[in-house]
Amino acid sequence: DGSKGEPLPDAASGDNVEVILGTGRYMEGLVEGLVGGTVGQVKTVSVRFPDALRNKELAGKQAVFDVEILSASRRILPELTDEFADQVRPGLTVETLKEELRKAVDSQDAQEYVPARNEALGKALAEVMEVEVPETLVTNQAREKYALMMTDMRDNGMADEEIKKLISPENFDKYKELSREGIVRDFKISMAVDEIARLEGISVPAYQIEEQIQALKDQARKEGQNPEEMGDEEAMRRKVESTLERRMVYDFLAENAQLEVEYAEEEKFDEALLEKLAQESLEREQQQQQLEQQPQEEEGESGKEDSAGVDIVAESATAVVEE
């Protein structure tokens, strides 16, 4: 109704936040509420948090913000002249500026293929890496992935009762076997990457790790999470460093190897897998219920020979229900 209720968590607020006026950029209502404001004005803006927000306490909720407009500016496209090019960088002309922009665009387009390139490099490293992978590592990694999959299902709106049907030792064993190949491959890639980084003296600058961690915290705030609740920061730091190191090694390999591009259709995940697991779990649950009901039915049949026994059971059952 537009009135203020309980205060929002700190993670949902912010200071000195730059807002670019444009539809679809932020939560529903924020841009619309700021349009027409002036510098120094405090505007009360009604917004709606996205349904897909990770923070389920805020997802889909209505909220009211008091927003102070500290400054305002307009983006104007300048005329492309030699004088402007020289302001971008001394010595540039319109033609040389256009050429650099073309190269930048081509480089950005090439970045779209980096994930596929890295996937191919990782696969090649795993194939030449001979190492025995401990079974305990496979189990632990599968357990983490299984738990994360269940969390994602809950975040995507699946009911807890449906999720519980998927959680069983049998389903985990099946998931573990399905995940085994990927877990083993990733372990081999990690060992190969670490060795290449050691031999070639590749290390991640500390400032890049800090920048990435800060970006993760900013993203958490944007999604309504408290960065302080993201878990062990030292563990997060190690994971960030490992990820950045792998990218640097892949870039090194790409620069020092001859790669041929082959276009292939992307393999799709079998979406029917989870439905199959759920159906099997449901069938086991039904079988268990039938087994539990069977002794009761046999007891009822034997009670037909003794009507007094049947009356006593019925009265006891009625008493329990009424109680």
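The values are calculated or read from the model by the stated rules, or taken from the named source; none is laboratory data. Bear in mind the structure is a predicted one, so any value in this text is a computation, not a measurement. Don't worry about glycine lacking a Cβ; one is built from the backbone with ideal geometry, like all the others, and counts go over all protein chains shown. For the accessible areas, the whole protein counts, side chains as well, though only heavy atoms, and no ligand, DNA or RNA atoms are used. Shrake-Rupley method; radii C 1.70, N 1.55, O 1.52, S 1.80 Å.
Details
Residues are listed down the side, and each one gets a yes or a no for (1) of a type in the set (A, V, I, L, M, F, W, C); (2) more than 30 Å from Glu260 (Cβ to Cβ):
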{"position": "Gln108", "(1), (2)": "no, no"}
{"position": "Ala120", "(1), (2)": "yes, no"}
{"position": "Glu132", "(1), (2)": "no, yes"}
{"position": "Lys145", "(1), (2)": "no, yes"}
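- Flag for Glu241 being within 23 Å of Gly122 (Cβ to Cβ), at pLDDT below 60 and not hydroxyl-bearing (Ser, Thr, Tyr): no
- Among the candidates Lys145, Lys188, residue that is touching an Asp or Glu at 6+ places or on another chain (Cβ under 9 Å) and either under 30 Å from Glu57 (Cβ atoms) or surrounded by 13 or more Cβ atoms within 10 Å (Cβ to Cβ) (or both): Lys188
- Thr151 meets each of the listed conditions (1) open to solvent by 50 Å² or more (accessible area, probe 1.4 Å); (2) among the hydroxyl-bearing types (Ser, Thr, Tyr); (3) at pLDDT 90 or above apart from (3).
- For region 55-91, the tally of residues that are surrounded by 15 or more Cβ atoms within 10 Å (Cβ to Cβ) and either among the polar types (S, T, N, Q) or assigned to a loop (DSSP other than H, G, I, E, B) (or both) stands at 4.
- Residue pairs whose Cβ atoms lie under 8 Å apart, sitting 6 or more positions apart in sequence or on different chains, and linking a residue in region 149-169 that is closer than 16 Å to Glu57 by Cα to a partner that is part of a helix (DSSP H, G or I), are Arg154/Asp160; Arg154/Ile163.
- Some residue of region 203-223 being outside any helix (DSSP H, G or I), crowded, with 16+ Cβ neighbours inside 10 Å and in contact (Cβ under 8 Å) with a residue 12 or more places away in the chain: yes
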